């Protein structure tokens, strides 16, 4: 066989798919197309580069040699603009066509811009790629004052970068706390205190109304929603992503803030697959669609997509439905933070504070544990993940679950589970 | 010393590997660094104890997820030592 596999995106999802395909199909044509100018790098660690903590070298994961050694055609700086499922081709920004037998879309997303005046001014940064990190680092090293907008998992990285670069920064939040969908006031206050210790001051019930610029078009200040002015020659914005689904807009793929895929990463279009944070995948634990941007989830989805593409091409490859409990850590402070599963969903929750830097919250749906947040002590994470994977009905045993140290066999779990 | 995962045998036939984590200066690191989120669940469970203490006994499969001498980013940068 000399079939052709084309992968759009060289993040961890696309790269894992390429690796899985090459392992099983040594003679196939494998092409990886990315609009970025460099091969796979560690997207988790670019914040450490931007802080000035790490040089460039440790961020790289794959050098071009990695692709050469595996006879994978890596096409950098190439933007795919459309897919023709009937012709089985993709078109690039330069008008070139690439033919495929199986196509994987792992194109990720693009940061949203704030819909306010001067949000495109020089000095207003979004943070997603290594190239973004380089610009942020260069600017933050010279900045005296800063503002960060976006009270979520990406925004706090920008706040930590300001702290790491000694930028006197304000962190504007529209609500009364950081990540209000997953943390109570008590849990969030631990994070707020960690931010203050880094020199970043949270400003609640604010948000950005507009930015002021100088004659050169550079940002100099942020006016918040209350009319207060904050000097800011550096601004970081992280208010979510637009997923790069437009390349599939003329196909029969179901698009809903992402691309619908089944539990094997197949889209609704024959021979077209998707993986990574661009997917609205069928979560076999929650029995509903879900989306996830964690590194581990993208890696698993990419590898599974590669195997499914092979299986659908006729290779004797075992594939199992995607079933994964994701987690995401924040390690900017002296204490660690970890969210797992679906901490912003559910119909019930419980929480407990153990010390000034140790707190825990668990969320449940239909009596089953579905997610949570751990601050300080991450030890119980694997037990909680197992309970989620097992779909154990344990919401009636919150006292046990919230013990600082608990064992699964202390829980009375119905046998039929 | 803390113990994580499977039991170890003190009679001498078999000992679990010992994981130690020593804080290192990040700016001197030139080799590949892994983030805590890249580790397998089992290694994620073991690392905080290794960071907090002198060393933890870990199952073989956790040792297989880690590389002796590698640097991992957690609440700081830690160089791992795995003694078999």
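The values are calculated or read from the model by the stated rules, or taken from the named source; none is laboratory data. Predicted, not measured: the structure shown is a model, and the values here were computed from it. Because the Cβ atoms are built from the backbone with ideal geometry, glycine has one as well, and the counts that use them run over all protein chains shown.
Summary of computed values
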| quantity | calculated |
| --- | --- |
| Lone qualifier among A:374, A:369 - being assigned to a strand (DSSP E or B), within 14 Å of chain B (Cβ to nearest Cβ), in contact (Cβ under 8 Å) with a residue 24 or more places away in the chain and crowded, with 20+ Cβ neighbours inside 10 Å | A:374 |
| Among the candidates A:294, A:232, residue that is within 14 Å of chain B (Cβ to nearest Cβ) and touching a strand residue (DSSP E or B) at 6+ places or on another chain (Cβ under 7 Å) | A:294 |
| Filter result for residue A:23 (touching a helix residue (DSSP H, G or I) at 6+ places or on another chain (Cβ under 9 Å), crowded, with 22+ Cβ neighbours inside 10 Å and free of Cβ contacts under 8 Å to residues at least 40 places away in the same chain) | no |
| Conditions (1) touching a strand residue (DSSP E or B) at 6+ places or on another chain (Cβ under 8 Å); (2) at pLDDT below 95: number failed by residue A:287 | (1) |
| Selection within the stretch A:55-88 - in a loop (DSSP other than H, G, I, E, B) and either more than 14 Å from every other protein chain (Cβ to nearest Cβ) or on the phi > 0 side of the Ramachandran plot (or both) | A:70, A:71, A:76, A:77, A:78, A:79, A:85, A:86, A:87, A:88 |
| Qualifying position, being without any contact (Cβ under 8 Å) to a residue 60 or more places away in the chain and either crowded, with 21+ Cβ neighbours inside 10 Å or in contact with a helix residue (DSSP H, G or I) (Cβ under 7 Å, 6 or more places away or on another chain) (or both), among A:93, A:62 | A:62 |
| Among residues of the stretch A:37-52, those that are outside any helix (DSSP H, G or I), surrounded by 21 or more Cβ atoms within 10 Å (Cβ to Cβ), out of contact with any strand residue (DSSP E or B) (no Cβ under 6 Å at 6 or more places or on another chain) and at the interface with chain B (Cβ under 10 Å from one of its Cβ atoms), counted | 1 |
| Qualifying residue in the stretch A:331-343 (condition: in a loop (DSSP other than H, G, I, E, B) and more than 24 Å from the chain's Cα centre (by Cα)) | no |
| Top-ranked residue of the stretch B:60-84 - restricted to ones that are out of contact with any strand residue (DSSP E or B) (no Cβ under 7 Å at 6 or more places or on another chain) and within 12 Å of chain A (Cβ to nearest Cβ), ranked as farthest from residue B:25 (Cα to Cα) | B:62 |
| Filter pass, residue A:215 being farther than 29 Å from residue A:122 by Cβ, assigned to a loop (DSSP other than H, G, I, E, B) and at pLDDT 95 or above | no |
| Hey, residue A:348 surrounded by fewer than 22 Cβ atoms within 10 Å (Cβ to Cβ) and over 16 Å from residue A:404 (Cα atoms) or not | yes |
| Test: residue in the stretch A:26-36 that is in contact with a helix residue (DSSP H, G or I) (Cβ under 8 Å, 6 or more places away or on another chain), over 30 Å from residue B:28 (Cβ atoms), crowded, with 17+ Cβ neighbours inside 10 Å and in contact (Cβ under 8 Å) with a residue 60 or more places away in the chain | no |
| Number of positions in the stretch A:168-182 that are closer than 11 Å to residue A:148 by Cα and in contact with a helix residue (DSSP H, G or I) (Cβ under 6 Å, 6 or more places away or on another chain) | 2 |
| Of all residues making up the stretch B:21-43, the number that are more than 7 Å from chain A (Cβ to nearest Cβ), buried (at least 20 other Cβ atoms within 10 Å of the Cβ) and in a helix (DSSP H, G or I) | 1 |
| Residue in the stretch A:385-401 that is within 28 Å of the chain's Cα centre (by Cα), away from chain B (no Cβ under 13 Å) and assigned to a strand (DSSP E or B) present | no |
| Condition broken by residue A:269, with the remaining ones in (1) more than 30 Å from residue A:50 (Cα to Cα); (2) without any contact (Cβ under 8 Å) to a residue 60 or more places away in the chain; (3) surrounded by 15 or more Cβ atoms within 10 Å (Cβ to Cβ) satisfied | (2) |
| Residues (out of contact with any strand residue (DSSP E or B) (no Cβ under 7 Å at 6 or more places or on another chain), part of a loop (DSSP other than H, G, I, E, B) and closer than 14 Å to residue A:379 by Cβ) located in the stretch B:44-59 | none |
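To keep it simple, each residue is scored yes or no on (1) buried (at least 19 other Cβ atoms within 10 Å of the Cβ); (2) part of a loop (DSSP other than H, G, I, E, B); (3) touching a strand residue (DSSP E or B) at 6+ places or on another chain (Cβ under 6 Å).
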| residue | (1), (2), (3) |
| --- | --- |
| A:169 | yes, no, yes |
| A:174 | no, yes, no |
| A:181 | no, yes, no |
| A:194 | yes, no, no |
| A:201 | no, no, yes |
